[in-house]
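**Q** Structure provided below as structure tokens; questions to follow.
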């Protein structure tokens, strides 16, 4: 999956979801890779955190090669729930990255390990609590407003993190690749002197909008084959 995502970006995947009517599920703004430039793509391996790493170790026992551990720590800012040992164990289990709805620690070690970790940031203290575990601890995880599980794929890069239903991934990635090609061609034409307004027949759009107030720029782009707004 990471190879299929290699020439794409999360904005392209997001635009493809909009074009196809696939639910757009993004992790909250601010969740970023510990090391800028790192990318993730794989099946979600969910784990809800209750104050102990045991839930992660159990999740790794169920993981398949290429999975991405998605940690639900409720977006907490008072504790770090993932550190160097968990990330090393993830790599040993064949997990290709982690997305944490919360914080990490041991930043220097995570940089050295090199396995992609996405989180809100770092904090020295780990958890001092142990809460009651829910039956769904390894079934689903919540990341912001979205609940995800093994039927979902996760994609992450410098723009953030997105979740896509696995059953729609093929068409989403194919559509994203098509949008990428159109945008590259548009960018090349701008560099060669043909403005974006010229490419999108913007004066024609303005005239059509004057005649029909319901005529949106997105509708116009779809009519002419542009790809600026999905």
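**Q** Return yes when residue 169 is crowded, with 16+ Cβ neighbours inside 10 Å, touching a strand residue (DSSP E or B) at 6+ places or on another chain (Cβ under 8 Å) and under 20 Å from residue 22 (Cα atoms) and no when it is not. Please lay out each step first, then the result.
**A** Details: crowded, with 16+ Cβ neighbours inside 10 Å: yes; touching a strand residue (DSSP E or B) at 6+ places or on another chain (Cβ under 8 Å): yes; under 20 Å from residue 22 (Cα atoms): yes.
Criteria met by residue 169.
**Q** Moving to a separate point now. Could you go through region 84-94 and let me know if any residue there is assigned by TED's automatic domain parsing to the domain that holds residue 134, assigned to a strand (DSSP E or B) and surrounded by 24 or more Cβ atoms within 10 Å (Cβ to Cβ).
**A** First, the residues of region 84-94 that are assigned by TED's automatic domain parsing to the domain that holds residue 134: 84-94.
Within this subset, residues satisfying the condition of being assigned to a strand (DSSP E or B) are none.
Looking for residues that are assigned by TED's automatic domain parsing to the domain that holds residue 134, assigned to a strand (DSSP E or B) and surrounded by 24 or more Cβ atoms within 10 Å (Cβ to Cβ), one finds none in region 84-94, hence no.
**Q** Any residue in region 37-53 that is over 14 Å from residue 152 (Cβ atoms) and out of contact with any strand residue (DSSP E or B) (no Cβ under 9 Å at 6 or more places or on another chain)?
**A** For region 37-53, residues over 14 Å from residue 152 (Cβ atoms) and out of contact with any strand residue (DSSP E or B) (no Cβ under 9 Å at 6 or more places or on another chain): present.
**Q** Here's a check for you: in region 10-49, which residue that is in a loop (DSSP other than H, G, I, E, B) and crowded, with 19+ Cβ neighbours inside 10 Å is nearest to the chain's Cα centre (by Cα)? Please lay out each step first, then the result.
**A** Taking region 10-49 as the starting set, the residues that turn out to be in a loop (DSSP other than H, G, I, E, B) are 21-24, 27-31, 34-39, 49.
Those left that are additionally crowded, with 19+ Cβ neighbours inside 10 Å: 22, 27, 31, 34, 39, 49.
Working: 22: 14, 27: 7, 31: 9, 34: 14, 39: 9, 49: 20 Å.
Among those residues, the one meeting the criterion is 27.
The values are calculated or read from the model by the stated rules, or taken from the named source; none is laboratory data. Just so it is clear, the structure is predicted and the values come from calculations on it, not from any experiment. Heads up, the Cβs are rebuilt from the backbone with ideal geometry, glycines too, and the neighbour counts pull from every protein chain shown.
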